[in-house]
Amino acid sequence: MEITAAYSKTSTFNSETKNKSLTSRNRLLEFICIAGLLIAYLSHLGYLPLDPESDESRRAVVTAEMMISHNYITPTINAEIYLNKPPLYNWIVAAYFKLFGDYSMFAFRLQVIVAVFVMGLLIYFFTKKYTNHLVAFFTALAYMSNGRLLIYESLYGYIDTTFALAVYANMMLIFYFGQRKKYYALFISSYIVCAMAFLLKGVPAIAFQGITLITYFIFKRDFKRLFTLPNFVGLGIFILLLGSYYFSYFSNNDFSPEILFNKLFNESAQRTFIQYGFGATIKHGFTFPFEMFYHFLPWTIFLIACFQKNFWGILKENKFVQYMVWIFVANIPIYWFSVDVYPKYVFMFVPLVYGITFYFYFNLNKDAWQRKVINVIMISACVIMFLASLIVLFTKTVDVLEYPFLQIAFLIVMLGICAFISFKKQYAVYAFLGAVVLARISFNWFVLPHRGEKTLQAKNDAKKILDITKQKQLFILNNADTHNFDGFSFYLTTGRNEVLKKSSAISPGNFYIVDTNQLKQYPFVIDLHFQNLPDHNPLYLVHPNKDVLTSASR
């Protein structure tokens, strides 16, 4: 195990192996922060209704249709084949739905939090093996509490935390077995995980696999290893795993494999210069680093620690940290030069950046200017948050609290403790982490009650449709311009326990969802007028009157 000598000489935490009392305090603070973060994430996990404005509604409805139709091979939406994503994520979500015995948002989103904490464990395990406990702990907790995850992705049932877990695990397995020269284990395990990643999100998994393998063996000066039997065995297992699924898939679906794989490729390529052109790509290349710095605050402030004269000299002392640098540099251009990119797409690279950052931070001398600047930022943040907790008691924001006195008192006491501890240099980073956790708890109390207003309206409209159409047939009229109807489709499919299908036949006694043009074209009776999110396009629940035509051919 490689641990740079600089740690024992310059780290302000070098007494952790000697001072039992300090170690016990560290462990206690770590336990409190982890427990607090877990409570913060789980306590309001199902608070928001399904968001029809995001792709979590698509993941939900595909899974629901799988479960109701008992067809786990072919993903569908409204009984029509859905080609954009393979089915593994839907299988995982289905397992949670079955475990809880319902289609609740808590059951749907729990896999996101599980993926975050499992990834935290993996980050800690691999980072500790090649650095030390402190670097590993704060790398893991920084990922688990990064700004983007803290106040957005942890609230929704997105695929990206699970995909990031698979890709990160793959990167680590390559290094772990490669350093031990266990090449069969390296290639077999990495290709198995790559197959899982492909079944989650498609083509990007192959890109990451190829780039990471090539980078590692160039890094090892052993490029010829890629042309040996272990690699071909691993590749064969990868083909066998995917081939088994797609053999079953195409046995059940009569269309060309070219259509599916073109769709999977285009799903990835559409975000690049192929669609947006070089001008937009170059502009994005300039703004991307600053956008990512912002989204992954507050922990990106620790990047200041990397500004050292002896950066490369310190980096060379630890091969694991070198590896993180090189695979980050090799892989990040996939998204750096893709214009339509969301921060959640790069989750698998975030622990690499944090790992490099904390390696340099804990390598700093206690009097280094970088440490002083970071400490000032942490202390200032803790103090400002404490002062804000004192002020909030006198504002109208407390009106949303169920127990305002107790909740505000809790925040004042806990943030006061964080502010106090932050002045003790050896605990400042713990205090900062505690303040971040408290920020999420505050977010749960003050912000979430306002965030779900639009999504709640969609849920209520869906309930009205369910009540009106109870024990009646319900369809989307064929060619209705519903835009993204996934959120409503989920509610209606799960509420009726049958897949919401499209139909061109108009029959008396049935109900239909139609758009404005269809409403003008046929003599329907309007039962409900509602707006569909995210485009706010008007839609109608209708039934035919006595003079309606028996069919509508398009």
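Laboratory data are not the source of any read-out in this text; all were calculated from the coordinates shown. Since we're looking at a predicted model, the values are computed, not measured. Quick reminder, even Gly has a Cβ in these numbers, built from the backbone with ideal geometry, and neighbours come from all protein chains shown.
Numerical summary
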{"read-out": "37, 83 arranged by Cβ crowding within 10 Å, fewest neighbours leading", "value": "83, 37"}
{"read-out": "Net charge, residue 88 excluded, C-beta distance under 13 Å - Lys, Arg +1, Asp, Glu -1", "value": "+3"}
{"read-out": "Rounded to 5, percent antiparallel among DSSP beta bridges of the chain", "value": "70 percent"}
{"read-out": "Helix 369-392 vs. the chain, principal-axis angle (Cα, 0 to 90°, nearest 10)", "value": "50 degrees"}
{"read-out": "Whole-angstrom gap from segment 294-356 to segment 410-425, using each part's C-alpha centre", "value": "30 Å"}
{"read-out": "Estimated dipole of segment 201-323 in Debye, rounded to 20 [Cβ of Lys and Arg +1, of Asp and Glu -1, Cα centre]", "value": "560 debye"}
{"read-out": "Whether segment 201-248 is rounded, prolate or oblate, judged on the alpha carbon gyration tensor where a/c under 1.5 counts as rounded", "value": "oblate"}
{"read-out": "Contact order relative to length of the chain, as percent, for alpha carbon pairs under 8 angstrom and 6 or more apart", "value": "18 percent"}
{"read-out": "When the convex hull of its Cα atoms is projected in every direction, mean area for the chain (nm²)", "value": "29.3 nm²"}
{"read-out": "Backbone HN-Hα couplings from phi across segment 87-98 [Karplus 6.51/-1.76/1.60, Hz, Gly and Pro as x]", "value": "x, 4, 4, 5, 5, 5, 4, 4, 4, 5, 4, 5"}
{"read-out": "Antiparallel content of DSSP bridges confined to segment 455-544, in %, to 5", "value": "65 percent"}
{"read-out": "Dipole of segment 171-316, positive end: most advanced residue of 198, 257, 247 [Cβ charges, Cα centre]", "value": "198"}
{"read-out": "Cleavage-rule hits, trypsin sites (Lys or Arg not before Pro), segment 372-433, DSSP coil, Cβ neighbours within 10 Å at most 13", "value": "424"}
{"read-out": "On Cα atoms only, tilt of 133-144 relative to the major axis of the chain in degrees", "value": "20 degrees"}
{"read-out": "Dipole in debye (nearest 20) - segment 455-544, about Cα centre, beta carbon charges: Lys, Arg +1; Asp, Glu -1", "value": "260 debye"}
{"read-out": "In Hz, Karplus ³J(HN,Hα) per residue of segment 181-197 (6.51, -1.76, 1.60; θ = phi - 60°; x = Gly, Pro)", "value": "6, 9, 6, 5, 4, 4, 6, 5, 5, 5, 6, 5, 5, 4, 4, 5, 5"}
{"read-out": "Segment 431-550, relative contact order in percent, only Cα pairs under 8 angstrom and at least six apart counted", "value": "25 percent"}
{"read-out": "Expected 222 nm ellipticity per residue - DSSP helices of 4 or more, -39500 (n - 2.57), all of the chain, to 500", "value": "-20500 deg cm²/dmol"}
{"read-out": "Sequence of 43, 256 once ranked by neighbouring C-beta atoms within 10 Å, starting from the fewest", "value": "256, 43"}
{"read-out": "Alpha carbon convex hull of segment 106-161, projected area averaged over orientations, nm²", "value": "3.7 nm²"}
{"read-out": "In segment 185-273, chymotrypsin sites (Phe, Trp or Tyr not before Pro) in a DSSP loop with at most 15 other beta-carbon atoms within 10 Å", "value": "255"}
{"read-out": "Folded to 0 to 90 degrees: helix 453-468 orientation relative to the chain principal axis, Cα", "value": "30 degrees"}
{"read-out": "Placed amide H near residue 474: partners under 5 Å, 5+ positions off or other chain", "value": "511"}
{"read-out": "Per-selection Kirkwood Rh - segment 455-544 (Cα, Å, 1 d.p.)", "value": "12.9 Å"}
{"read-out": "Residue 499 long-range amide H proximity, modeled H, under 5 Å", "value": "none"}
{"read-out": "Neighbour-count ranking [beta-carbon atoms within 10 angstrom, fewest first] of 25, 225", "value": "25, 225"}
